[in-house]
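Below you'll find the structure, written out as structure tokens, and then a few comments.
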Amino acid sequence: MDALNATLSRVSEATAERLPKNVSEWAVPAAAATAALIVGLNLVWANKDDKSPPVVSSWIPWIGSQWALDKDPDAFVRAAQLSEIQNDVVEQKFPGGIFGAKTTGRIMYYVTDTALINQVYKQPKNFAISLVQMEWGKNCFSFSDKAMFGSPALTTEIFPHLDRSMAPVNMMGLVESFERCLANAIKTFPVPQPGSSVSLQDFVLRLAHRATGAAYYGPTFDVEKFWDDWQGFDDGVYKVALAYPVPLCPHFVKCRERVIQRFLEYLDDPAHEPSEMIGEQERMAREIAKLDRRDLGVLIMSDYWPLMANVPWGSLWLLILQLQRSEGFAPILAELDAAGEAWAATQPDPTVSYLSNLTAFFQSQPQIPLFQSTYNEVLRFTSDSYSMRGVVPDEGAILGGYKFKKNDTLIMSTRSVHFDEALFGEDAKQFNPRRWLGSLSEEAKGSFRPYGGGVSMCSGRHFASYHVKIFLTTLLHTFRFEVDKVKSPGPSPVTISSENRGFGLRRPQGELFVKVTRI
């Protein structure tokens with residue numbers, strides 16, 4: 001979730017107003033894609049003389065390994081990591097934990113070794129996220145050159161303000177506001193008629209947006225008015241950030257422009273009542289950075305995307321994964337209620353339920369090891385944070401014995417580390433909600449990086465934790481969920497897709513339909 005300060009777009013009419021989501025949607029024969037998948041995972045040494053990292057080869061000009069990564073990024077990385085036997089000697093394809101992959105005309109370097117990832121995080125002068133963020137700001141969010149380069153206030157004043165606002169000591173007012181807005185939204189939130197079912201994804205995301213939008217921007221903000229455009233924008237951000245050419249993503253561009261327009265209409269309304277964090281940012285943008293009207297709308301939108309592109313998906317994934325387990329939510333609810341009773345006993349009025357003051361309850365750090373373990377495991381199992389860095393020095397930089405040139409892009413492949421069986425056990429590729437209750441090594445715990453790492457670790461991680469816990473606790477005490485076995489057959493109708501790779505939490509593959517009743 002290092003990506004949380006930016007993003008952008010590109011697009012071509014040849015994609016029929018939609019982002020390319022799978023191989024069949026590319027305007028090139030599927031046979032060529034298959035060939036790329038088969039041949040593309042053979043490593044060749046590039047520029048051996050200057051000790052450049054090995055690069056996964058491909059026979060497809062410009063496209064490179066793009067199709068293979070889009071089809072199954074986990075399989076691509078595993079194949080590149082595999083050892084092979086040469087003359088009875090086991091040799092790694094890429095000794096050193098680094099390899100490059102060419103996609104859409106450029107090479108990005110994947111760092112899959114936890115020790116090397118730590119080295120990158122410890123050298124911000126050599127490997128900086130700021131270079132990548134500037135590119136995202138222009139390509140993904142469409143900040144103007146004037147906003148990006150004309151005034152230092154964006155990076156010296158406004159972004160630091162957001163980081164400070166999200167610090168635990170400063171964010172509790174926003175957390176309390178979210179709890180209140182959720183309580184209000186859930187009272188009137190529609191549920192399906194008895195006997196019918198609804199998409200769990202649609203149910204969870206819409207409710208989360210209603211409550212969070214109100215907490216951030218006040219009662220005049222209504223994401224439902226541009227829901228489809230928001231989804232179209234969110235679906236494309238990661239692709240553009242990963243260097244898909246903007247002209248290949250027309251639907252994304254159009255959705256983004258309509259979303260920006262909605263934020264401009266919000267700002268133009270004299271009655272808009274933003275949170276203290278957003279209000280102060282708006283003031284700084286107008287008075288210090290002196291952003292023009294459109295850039296101001298882009299800025300306010302850019303606050304919302306990083307949060308909503310990931311946090312509600314964490315709640316959704318926990319619900320999906322537990323509903324696909326026979327135990328369901330019963331153990332978590334029992335643990336929460338027991339901790340709630342213990343907390344209530346310490347309050348001036350012990351008859352007041354913890355459910356009426358969840359902010360204070362979770363702020364007291366209650367003993368809820370299973371809930372925390374389950375949440376950690378959801379993040380380990382579904383997160384895919386590339387935590388990208390650009391090489392800063394003119395002379396380049398050295399990592400793991402390899403030489404990188406100025407402006408080379410490095411990807412911290414944290415998902416590779418999270419699925420390392422040496423760290424997380426032989427079942428690392430499976431979801432185990434009790435994994436974190438066991439005897440994980442300190443190395444494994446230190447290698448857990450769902451929010452990236454280094455000086456640019458996601459500043460919103462603390463708010464995200466409160467958001468998920470308050471949201472799920474409220475949801476599970478308000479509604480009962482039952483899987484619709486007709487619309488969602490099988491033991492595991494939902495798996496992990498490649499969508500949103502590199503930018504937080506992956507998206508579900510498949511749909512879980514549920515019958516919902518108020519408790």
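The values are calculated or read from the model by the stated rules, or taken from the named source; none is laboratory data. All values reported here derive from a predicted model rather than from experimental measurement. Note: ideal-geometry Cβ built from the backbone for every residue, glycine included; neighbour counts use all protein chains shown. Please note that ligands, DNA and RNA were not included when accessible areas were found on the heavy atoms of the full protein model with its side chains. Shrake-Rupley method; radii C 1.70, N 1.55, O 1.52, S 1.80 Å.
Relative intensity of region 459-519 on a log10 scale, I(q)/I(0) at q = 0.25 Å⁻¹, equals -1.03, per a Debye sum over C-alpha point scatterers of equal strength in the absence of solvent.
Computed from label points 7 Å out along Cα-Cβ, the spacing between His161 and Arg106 is 3.0 nm. Here r is the Cβ-Cβ distance between Ile288 and Ser144 and R0 is 22 Å; the resulting FRET efficiency, rounded to 0.05, is 0.85.
Find the relative contact order for the chain and round it to a whole percent, using C-alpha pairs within less than 8 Å whose residues are 6+ positions apart. Relative contact order of the chain: 23 percent.
Ligands, DNA and RNA aside, Cys458 has an accessible area near 10 Å² when probed at 1.4 Å. Report note on the peptides 290-303, 476-489, 272-285: ranked by the mean count of other C-beta atoms within 10 Å, highest first, their order is 290-303, 272-285, 476-489. Cross-link reach is defined here as a Cα-Cα straight distance under 21 Å, omitting same-chain residues fewer than 8 places apart; for Lys429 the lysines meeting it are Lys71, Lys445. Translational diffusion of region 107-225, estimated by Stokes-Einstein from the Kirkwood radius over alpha carbon pairs at 25 °C in a medium of 0.890 mPa s, is 132 µm² per second. At an R0 of 22 angstrom, the distance between the Cβ atoms of Ser492 and Ser196 translates into a FRET efficiency of 0.45. Were the residues from Ser439 through Glu395 laid out at 0.36 nm apart, the gain over their Cα-Cα distance would be 11.4 nm.
Summarising the amide proton neighbourhood of Phe479: residues at separation of 5 or more, or on other chains, whose placed amide H is nearer than 5 Å comprise Ile519.
Tell me, in nm to one decimal, what length is gained between Lys187 and Lys51 on full extension, where the rule is 0.36 nm per residue of separation less the Cα-Cα distance?
The span from Lys187 to Lys51 would gain 42.8 nm if fully extended.
At 1.4 Å probe size, with every protein chain present, just tell me what the per residue accessible area of the chain comes to in Å².
Values: 21680 Å² over 519 residues.
Accessible area per residue, the chain: 42 Å².
Per the Debye calculation on the chain with a single equal scatterer at every Cα and no solvent contribution, log₁₀ I(q)/I(0) for q = 0.07, 0.08, 0.11 Å⁻¹ amounts to -0.40, -0.52, -1.02.
Taking a point 7 Å from the Cα of Ala75 along the Cα-to-Cβ direction, the residues of region 499-514 with backbone N closer than 20 Å to it are 499-502, 506-511. Taking a straight Cα-Cα cut-off under 24 Å and skipping sequence neighbours fewer than 8 places away in the same chain, the lysines within cross-link reach of Lys406 are Lys48, Lys51, Lys102, Lys122, Lys125, Lys138, Lys239. Within straight-line reach of Lys487, meaning a Cα separation under 17 Å, sit the following aspartates and glutamates at least 8 residues removed in sequence or on another chain: Asp202, Glu511. Ligands, DNA and RNA left out, the accessible area of the chain computed with a 1.4 Å probe is 53% carbon and sulfur.
Here the label points at Lys485 and Glu280, each 7 Å from Cα along the C-beta direction, are separated by 5.4 nm in the simple model. Accessible area of Leu437 (1.4 Å probe, protein heavy atoms only, ligands and nucleic acids ignored): about 90 Å². In terms of the Cα gyration tensor, with a ≥ b ≥ c the square roots of its eigenvalues, is region 302-351 rounded because a/c is under 1.5, prolate because a/b exceeds b/c, or oblate? Oblate, since a/c reaches 1.5 and b/c is not below a/b. The stretch between Val352 and Asp337 holds 4.1 nm of extra length on full extension. This uses 0.36 nm per residue minus the Cα-Cα distance.
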